[in-house]
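Structure record follows, encoded as structure tokens.
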Amino acid sequence: MDLTEAHRLLFCDEPAYPLNAAAPPIFQTSLFTFDSYQDMAAVYAGEQRLVYTRGDNPTVQVFEELVARLEGADAGRGFASGMAAITATVMAFVSGGDRLVTVCNVYGDAYKMFEKLLRPAGVTIDYVDGSDPEAVARALPGAKMLYVETPTTLTFDLQHLPTLAALAQQHGVVTAIDNSWATPLYQNPIAHGIDLVIHAASKYLGGYSDTVAGVVVGRQDLIDRINGRTYPYLGAKLSPFDAFLLVRGLRSLTLRMPVHMSSGLTIARRLRDHAEVTSVLHPAFSSHPGRETLSGYGGVFSFLVSDAIDVPAFADALRLIRLGVSWGGPESLLVPLSVTAGMPPAPNPFVHFGISDRMIRLNVGLEPVDAIWSDLEQALTVARR
Ligand SMILES: *Cc1c(COP(=O)(O)O)cnc(C)c1O
């Protein structure tokens, strides 16, 4: 999306907040009272109004509305985490006896939710190579939902959204995407025919490593289905204070993302030219047609180091970049995948854990790019055996 347009959506026709406040007030209340018996009875007869914060809250609604606007959706629903958004979305459309089709290498905990929550509840789960439309087409007939993530977590494989969305439509299959990496600035899946767009708002939307939250946006009838079937009962609502932090984060999205993108590309290119780096998994280096729907890039990617690098020594030699999970905040963070070696083996082969003990995921933060590069370069030198 054009940055000027994104800025307009975020600021110019901003909802008028009470008392003309420039920032949304935090409605830190669990409930909203009624003026009369009549008013209360009207709600039970179907009238829409604020009742209880596990349902709707005005501060949360501001966040939901802003993300819906950015993604070109009718409506949105915020959640206490990205995982809550994924779980409530998938479970609103898929239940016991149904079939879910998902691409391989989705976010690890989404995969575990499919395996630990849905499979025991009687859902069939088919994993397909999302980069291969024929494989997806073969899996779709009879499925209830196609769940995608492009680029995928850790491996950064791409899918071609217009093709997958058209195939799913032919078979009457609802589509959902985890769009956390690209953000609405750099990929608008609804414009390519995808039905529901999920974000781990803990990452780029929040942007400051201070909030865990999630959101799903889409057509009104699909959000209504989530509101009617899962959202109130799973109970993982977004708090008013966290919604306030997310709105604050969104206000700098158009400034932060171009820096994450350009610093990420600079570091990825320099790593690609480094003698001890054997490959860099960044969508910019892919020739897959799935690249067409990305108008920009997040600053998170993976790289593999040669056998000459002692990975624990490399991690311990870093001075600026810190070791830590999550991503999307201002600080550069790194995960050497070899730390997952102690995990029990995956119940099936469609996960990325243990892909390679040479693999390292990097979140390129907002520090000066040369400082990030110097740190990587010195740590690679120290760790050469
Ligand atoms: C972190 C993450 C999630 C989950 O978000 P939480 O807020 O941690 O529950 C989902 N998808 C992707 C791609 C993520 O990186």
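The values are calculated or read from the model by the stated rules, or taken from the named source; none is laboratory data. Just so you know, these numbers come straight off a predicted model, no measurement behind them. When we count neighbours, we look across all protein chains shown, and the Cβ atoms used for this are built from the backbone with ideal geometry, even at glycine.
Met1: farther than 22 Å from Thr254 by Cα, touching a helix residue (DSSP H, G or I) at 6+ places or on another chain (Cβ under 6 Å) and touching a residue at least 24 places away in the same chain (Cβ under 8 Å), yes or no? Taking the combined requirement at face value, the residue does not satisfy it. One residue alone among Gly264, Gly328 is on the phi > 0 side of the Ramachandran plot and touching a Gly at 6+ places or on another chain (Cβ under 8 Å), and that residue is Gly328.
Filtered by the rule that a residue be surrounded by 24 or more Cβ atoms within 10 Å (Cβ to Cβ), small (Gly, Ala, Ser) and within 16 Å of the ligand (Cβ to nearest atom), segment 209-229 gives Ala213, Gly214.
Pairing each residue of segment 80-102 that is at positive phi with any residue that is crowded, with 22+ Cβ neighbours inside 10 Å, provided the two are 6+ apart or on different chains, yields no C-beta distance under 6 Å.
When only residues in segment 138-154 that are of a type outside the set (A, V, I, L, M) and out of contact with any Leu (no Cβ under 6 Å at 6 or more places or on another chain) count, which is nearest to Val123 (Cα to Cα)? Before the answer, list the steps.
We begin by selecting, within segment 138-154, every residue of a type outside the set (A, V, I, L, M); these are 138, 141-142, 144, 147, 149-153.
Subsequent filtering for residues that are out of contact with any Leu (no Cβ under 6 Å at 6 or more places or on another chain) retains 138, 141-142, 144, 147, 149, 152-153.
Numbers: Arg138: 18, Pro141: 15, Gly142: 13, Lys144: 10, Tyr147: 14, Glu149: 20, Thr152: 23, Thr153: 23 Å.
Among those residues, the one meeting the criterion is Lys144.
A Cβ distance below 7 Å, combined with a sequence gap of six or more or placement on separate chains, defines the contacts here; from segment 308-333, residues that are farther than 29 Å from Leu246 by Cα reach residues that are at pLDDT below 95 and of a type outside the set (Lys, Arg) in the pairs Val311/Ser338; Val311/Asp357.
Among the residues of segment 231-270, write down those that are of a type in the set (S, T, N, Q) and closer than 16 Å to Tyr52 by Cα.
Ser239
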